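A short write-up of the structure that comes next.
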Amino acid sequence: MVKNFTRTRTPALNWESVKNRILSGSYELDLVLVGDKFMSELNKKYRRKSGPTNVLAFPLGRGVGQIFIDLPFSRRESKKSGAPWSRHVLYLYIHGLLHLKGYDHKKKTETNIMKKEESKWLEMLS
């Protein structure tokens, strides 16, 4: 289910299909598209960091999770990098899905593995 809690237009992505390919069709996912203020609140509460971030993923149980994507933040990031906004949001969504699948980037070796997976999926789904 995609919930949009921001006034920013949503990129045209096949959210469900991407989720099904990476996690599975039986995985229950809430995708919540938010603005900077709400994301800042989540980031402070769950990561003890001030300000917004681009994506947060929360596993809620076996086969159940939530992903929050800050659309205005992601738009600013895409403008800085020169990447098309829809591709950047797809990348953030893939990043969140991989977190729910168990990937992490706390250590350099984990970061390298996760980056390879992100690149593989981004290429496959673009």
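The values are calculated or read from the model by the stated rules, or taken from the named source; none is laboratory data. Predicted model only: the values in this text are computed from it and were never measured. Using ideal geometry, Cβ is built from the backbone for each residue, glycine included, and neighbour counts are taken over all protein chains shown.
Some observations on this one:
This table checks each residue for (1) in contact (Cβ under 8 Å) with a residue 12 or more places away in the chain; (2) touching a strand residue (DSSP E or B) at 6+ places or on another chain (Cβ under 6 Å).
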site	(1), (2)
Ser74	yes, no
Lys80	no, no
Ala83	no, no
His99	yes, yes
Lys106	no, no
Ile113	no, no
Glu118	yes, no
Glu123	no, no
Ser126	yes, no
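- Subset of the range 90-114 (residues that are under 16 Å from Leu56 (Cβ atoms), at pLDDT below 95 and among the β-branched types (Val, Ile, Thr)): none
- Selection from the range 11-43 of residues that are outside any helix (DSSP H, G or I) and of a type in the set (Asp, Glu): Glu28, Asp30
- Just one of the listed residues (Leu42, Leu23, Leu31) is farther than 23 Å from Lys106 by Cβ and aliphatic (A, V, I, L, M), and it is Leu31.
- Complete set of residues in the range 50-67 that are surrounded by 12 or more Cβ atoms within 10 Å (Cβ to Cβ) and either of a type in the set (Gly, Ala, Ser) or farther than 21 Å from Ser126 by Cα (or both): Pro52, Thr53, Leu56, Ala57, Phe58, Pro59, Leu60, Gly63, Val64, Gly65, Gln66
- Condition check for Glu117: surrounded by fewer than 16 Cβ atoms within 10 Å (Cβ to Cβ), among the acidic types (Asp, Glu), part of a helix (DSSP H, G or I) and modelled with pLDDT under 95: no
- In the range 68-87, residue surrounded by the fewest Cβ atoms within 10 Å (Cβ to Cβ) [restricted to those that are hydrophobic (A, V, I, L, M, F, W, C) and closer than 18 Å to Val34 by Cα]: Trp85
- The range 45-72, residues that are free of Cβ contacts under 8 Å to residues at least 24 places away in the same chain and in a loop (DSSP other than H, G, I, E, B): Arg48, Lys49, Ser50, Gly51, Pro52, Thr53, Arg62
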